[in-house]
Amino acid sequence: MTYRIVLFIAFITTALALGGGLAHLYAIANKLDLPVDEYFAAQRAYDGWDMLGVVLSVELTAMIAAAVLSRSDRRVFRLTLLAIALVLAAQVIFWAFTFPANRATANWTEVPENWEALRRQWEYSHLAGALCHLAAFAALVAAMLVRLTPPVRCYALPPP
């Protein structure tokens, strides 16, 4: 029962985190060509999204707990570790590319000279993070499906 609760929490929080990433993914084509004033106005829509940090903390905690609880089933364990690695990769991308763009623009309230390069950095880093989260969600789904499917055992047939 504990494993099911932990996995449920991992699924829900990964879906919530993926929702934010997909929002960026769907908006990127419309935002890349906006003029400076419109782009900076559009960025205000993301005010408060830093609260997703709480979701990410719960997500990683639940995934780690799921990995610990599934360590006796290598198939599930490996897929859960893959999901953890993908979420961590999304975080590396965020802190290496997205956060510096946020800082350089004072969270998109100040227009620096290189704002267009920062916009591309910000948008594409969110795209990469969204793809990492999508792959993490897929790994969790695969882990659940593997857990529901008993391992295939091959037995030699007796000679006729």
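The values are calculated or read from the model by the stated rules, or taken from the named source; none is laboratory data. This structure is a prediction, so every number in the text was calculated from the model and none was measured. Here Cβ is always computed from backbone atoms with ideal geometry, including for glycine, and neighbour counts include all displayed protein chains. Just so you know, the surface numbers come from the protein's heavy atoms only, side chains and all, with ligands and any DNA or RNA stripped out. Shrake-Rupley method; radii C 1.70, N 1.55, O 1.52, S 1.80 Å.
Only sites in a loop by DSSP and with at most 12 other Cβ atoms within 10 Å count here; which trypsin sites (Lys or Arg not before Pro) in segment 1-86 make the cut?
Those satisfying the criteria are Arg71.
From Cα pairs below 8 angstrom and at least 6 apart in sequence, can you work out the relative contact order of the chain, rounded to a whole percent?
Numbers: 143 pairs, mean separation 55.0, N = 160.
Relative contact order of the chain: 34 percent.
State the percentage of accessible surface on the chain attributable to carbon and sulfur atoms; use a 1.4 Å probe and exclude ligands, DNA and RNA.
Reported share for carbon and sulfur atoms: 68 percent.
About the Cα centre of segment 57-160, what is the dipole size in debye to 20, counting +1 per Lys and Arg Cβ and -1 per Asp and Glu Cβ, all else neutral?
Dipole size: approximately 660 debye.
Please calculate how many Å² of accessible area the chain carries per residue, with a 1.4 Å probe and no DNA, RNA or ligand atoms counted.
With the other protein chains kept in place, the chain gives 60 Å² per residue.
Considering every Cα-Cα pair within segment 33-124, what fraction, in whole percent, is farther apart than 16 Å?
63 percent
How are the alpha carbon pair distances in segment 103-155 distributed across 5 Å bins from zero to the largest one, expressed in percent?
Reading upward from the zero bin: 5, 16, 14, 12, 9, 9, 8, 7, 6, 5, 4, 3, 2, 0.
Report, by chain and number, residues whose modeled amide H sits under 5 Å from the one on Ser70, excluding near sequence neighbours (fewer than 5 apart, same chain).
Long-range HN contacts for Ser70: none found.
Could you state the orientation-averaged shadow area of the convex hull built on the Cα atoms of the chain, in nm² to one decimal?
12.4 nm²
What value, in deg cm²/dmol to 500, does the helix sum -39500 (n - 2.57) over DSSP H runs of n ≥ 4 give at 222 nm once divided by the residues of the chain?
So the helix-based figure for the chain works out to -25000 deg cm²/dmol.
Once phi is turned into θ = phi - 60°, what whole-Hz ³J(HN,Hα) does the Karplus curve with 6.51, -1.76 and 1.60 give for every residue of segment 68-83, x standing for Gly and Pro?
4, 6, 9, 4, 7, 10, 3, 4, 5, 4, 5, 5, 5, 4, 4, 4
Taking N as the number of residues in segment 3-72, what is its Cα Rg relative to 2.2 N^0.38 Å? It would help to have the intermediate numbers written out before the result.
On the way: Rg = 16.5 Å, N = 70, 2.2 N^0.38 = 11.1 Å.
Ratio of Rg to 2.2 N^0.38 Å for segment 3-72: 1.50.
Cα centroid distance between segment 89-103 and segment 27-67, in Å?
Segment 89-103 and segment 27-67 have Cα centres spaced 11 Å from each other.
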